[in-house]
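Here's the structure we're looking at; comments come further down.
Throughout, read-outs are computed from the coordinates displayed, never taken from laboratory work. This is a predicted model, so every value here is computed, not measured. Glycine gets a Cβ as well: all are built from the backbone with ideal geometry, and neighbour counts include every protein chain shown.
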Amino acid sequence: MPIPTHSSIVSSRLNKLDSQILQAVDALTEDEASKWPAPTAPSCKWHLWHMARWADYVQGLLSSIVDEKSPELWEFAGVADEWGFDGVDLGMWGAGSGLGNESGQSLPLPSVAKVRSYATEAFDLLEKRVAKLDNDTFDAQFTDWHDNDTSVGDAMVGYLAHANRHLGMLEAISGVLGKDGSVTV
């Protein structure tokens with residue numbers, strides 16, 4: 001069996017991770033997914049929204065590297081307008097980073113089913129973009145979201161680390177809610 005390429009490893013890990021994030025939320029009711037276990041611990045629905053926004057943001061950045069430049073679903077599919085987010089502060093990169101708990105808790109998030117639908121579309125787009133990376137594009141110069149000069153591959157490894165942290169939070173909150181706390185075993 002041939003050794004997988006760096007880009008195929010990242011692509012495979014991303015696909016599995018996205019599936020696990022959705023699986024973690026699927027085990028919850030609307031009330032459970034929407035509950036903030038503490039004022040400083042965002043709900044599972046918030047974590048799902050945050051990772052969907054991140055996936056959408058990153059797929060938009062990668063679009064010009066592997067395809068034709070395209071905007072984020074959040075804007076061109078009208079998700080922000082449909083959900084009533086016009087004029088709402090969404091933190092850095094419009095993805096909830098650095099937003100703060102009070103602001104995060106006041107976001108007008110719709111039902112978990114709608115957030116999941118958006119997440120599924122955003123994850124799918126990012127997975128398609130990452131699947132198109134070859135050795136050259138994986139190693140291509142890239143300025144990441146923190147304005148660091150790096151490679152596309154390094155930025156994607158950083159994305160995976162970030163998404164895995166949120167998967168862990170989803171699993172922990174599920175456990176606190178009395179559900180099976182792991183989707184990874």
Exercise for the section: State yes or no: is Ala38 among the hydrophobic types (A, V, I, L, M, F, W, C) and in contact (Cβ under 8 Å) with a residue 60 or more places away in the chain? Expected result: no
Practice task
Six or more apart or on different chains, Cβ under 7 Å: which pairs go from a residue in the stretch 164-182 that's among the charged types (D, E, K, R) to one that's part of a helix (DSSP H, G or I)? Could you list them?
Solution key: Glu171/Ala24; Asp180/Ser174
